[in-house]
Amino acid sequence: GRSKSRVTRGTPSRWSNRGAMVPVVSEVPITQPLPERAVPRAAGVPTVGQRLQGDEGLLSARASVGFYHLETIDQNQPALEVLRARTTVSYQRIAKTQLGFQIDAEARPQLAGRARNRPTDYRVNELYLSWGRTDWRRRRTGPAWGVAVGRVAIREAGYAQADGVAARFRIVPELMVGAWGGVTGNPYGYNWLQQQPEVVSIDWYTGGAFASILWDRLTFNIAGGVTIANVDANAQGTDRIFVYLDGGYTITRGLNVLLNGWLDVLPSNQEGRDGQVIQNIDLIVAYTPSPKLSLSVAGGRFSTVLFVNTEGTSFIVDPNGNQAGVPDAEEAVILDGQNNPIATFDGALLSTVYNSIRIRAGYRFLRELEGYVRWNTLLRDTNVTNDQLDEDLGGAEVNFATFRSLPTVGVRYRDPKILNASAAFTYIIDQEATSTGIVRGQIGRSWQGLTASAGGRYFFGDIGGFDAGLDLSFTLPRSWTSGALSFRGSFRYFQENIAIVVPSALDDQATGVGGTPANQTVLPAQESFFGYAGVDWRY
């Protein structure tokens with residue numbers, strides 16, 4: 001038998017040089033020349049097509065355009081249509097120097113003839129010039145420090161944004177620290193009252209610091225920041241304090257630990273409510289004792305937030321300036337420096353915290369076929385009762401279950417040469433849920449750059465329903481275009497078995513049989529569909 005591998009211990013060696021120097025002996029005459037073995041390659045031959053180390057420029061770009069259409073059938077409601085474009089360009093080591101440039105911007109232009117859709121909107125996520133170190137690339141080479149000026153987004157701090165300066169310093173190859181500071185604007189980047197973008201604002205000051213560790217099998221980022229409001233004389237002081245962290249640790253080849261989370265401390269707001277802690281922390285432990293068996297355990301805490309000054313209608317146009325349905329809106333609304341209402345960080349009404357536990361076990365019967373079981377559980381903290389919620393919401397009835405459990409059993413088949421398919425059943429244990437179970441399935445196939453997948457879900461219970469859809473994408477061959485050009489599209493249909501009364505344009509007051517208005521239509525179910533078409537290019 002073959003000797004044991006020195007790379008993957010415990011398994012036979014995949015190849016061997018045994019006999020490489022032994023002359024070949026054969027009873028049959030050899031008429032073809034034997035291949036040469038172990039021919040040394042001349043020193044100094046570069047890797048074909050790229051340089052592993054160097055000071056050449058590094059350019060990357062991505063651009064995408066997509067059109068979204070969401071429509072509810074036969075309910076006299078306008079369709080929601082959004083055209084969204086986004087571009088990202090990064091150019092590092094310009095002209096073999098340490099200069100760099102980064103831009104990340106997106107736009108949602110107004111569609112002609114659709115007045116109720118979101119007005120023209122654009123957002124600038126990143127726009128800065130840099131010199132020197134901006135990330136972990138070439139962590140053992142290159143400059144030991146770097147600075148960026150403009151609209152910076154700190155990746156090590158969960159993409160915290162500031163219009164100002166960010167600096168990074170390499171202490172040792174395994175440790176980098178940094179800080180940022182500047183002004184920060186409207187959290188939405190949009191002024192609802194004036195119906196125009198509000199990209200730049202000096203009503204809030206922000207700053208913070210971070211540290212990043214990259215050491216063998218350990219990667220870890222931790223950051224902290226603060227935002228100070230300076231809207232007017234009546235709204236000054238600390239607006240937000242946050243801590244962000246993420247990391248991963250490969251303990252052994254089959255044991256990994258992942259951590260991600262952030263913690264926001266919101267001070268007392270204008271209604272006199274105590275400060276709140278908004279959190280989202282998640283810890284995952286994944287263990288693969290053998291190629292066939294995989295286990296994972298995850299847990300965490302996350303907050304759900306209700307805002308006192310935010311209305312659902314503000315996604316399109318809120319004629320009341322985010323004040324609809326708010327008692328004493330003139331006193332309760334939060335204003336910016338131009339007295340325009342916006343929902344800021346400290347506009348939170350209240351929050352509820354859930355503890356989550358997730359367990360998964362999977363076993364591969366074949367290399368392509370895996371069966372698995374999963375159990376997700378949510379436990380709500382009871383420090384906020386339903387009575388308190390009802391009172392704060394002006395008497396509106398709010399029913400939150402304190403316990404929710406979702407046991408799941410499923411199977412997955414993955415073979416790129418044949419197809420990818422999955423099926424699962426989930427049972428819902430929740431006193432407030434209107435559904436008791438979900439069956440879902442999906443099937444897909446990729447071939448010559450074309451990828452197609454179809455899937456759906458069916459809900460059992462007092463209120464049933466289902467949704468199903470199709471996704472398509474096609475990527476042109478790299479030899480046809482510079483970069484990767486892809487075309488994407490999807491369509492999905494939704495149905496929920498709830499009877500809907502739709503008023504007509506005639507008189508609604510005339511009642512018919514059973515008290516139902518004579519000029520209204522009763523739909524047996526609520527139906528809607530969603531469509532998307534887009535183009536994506538990467539370089």
What is the set of long-range amide H partners of residue 138 at a cut-off below 5 Å, with H atoms built 1.01 Å from backbone N?
none
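Would you rank 163, 536, 471 by solvent-accessible area, highest first, keeping every protein chain in place and using a 1.4 Å probe?
Values: 163 40, 536 10, 471 65 Å².
Order by accessible area, largest first: 471, 163, 536.
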For the full complex of protein chains and a 1.4 angstrom probe, list 479, 446, 303 by accessible area with the highest value first.
479, 446, 303
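Looking only at Cα atoms, what is the convex hull volume of region 405-457 per residue, in Å³? Walk me through the numbers on the way to the answer.
Working: hull volume 3.9 nm³, N = 53.
Spelled out: Cα convex hull of region 405-457, divided by residues, is 73 Å³.
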Residue-count net charge about residue 375 - beta-carbon cut-off 10 Å; Lys, Arg +1, Asp, Glu -1:
+3
Quick one: length gained pulling residue 434 to residue 302 fully straight, 0.36 nm per residue minus the C-alpha distance?
45.2 nm
Could you give the alpha-carbon Rg of region 142-181 over 2.2 N^0.38 Å, rounded to two decimals?
1.16
Residue-level accessible surface for residue 369, protein heavy atoms, 1.4 Å, Å²
50
So for 422, 435, what's the accessible-area order with a 1.4 Å probe, most first?
422, 435
So how far, in whole Å, is the C-alpha centre of region 59-74 from the one of region 469-499?
10
Ranked highest first by the average count of other Cβ atoms within 10 Å around their residues, in what order do 60-66, 74-80, 526-532 fall?
526-532, 60-66, 74-80
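The values are calculated or read from the model by the stated rules, or taken from the named source; none is laboratory data. What you see is a predicted model, and the numbers here were worked out from it, not measured in a lab. As a convention, Cβ positions derive from the backbone with ideal geometry for all residues, glycine included, and neighbour counts pool all protein chains shown. Side chains are part of the model used for accessible areas, which takes the heavy atoms of the whole protein and leaves out ligands, DNA and RNA. Shrake-Rupley method; radii C 1.70, N 1.55, O 1.52, S 1.80 Å.
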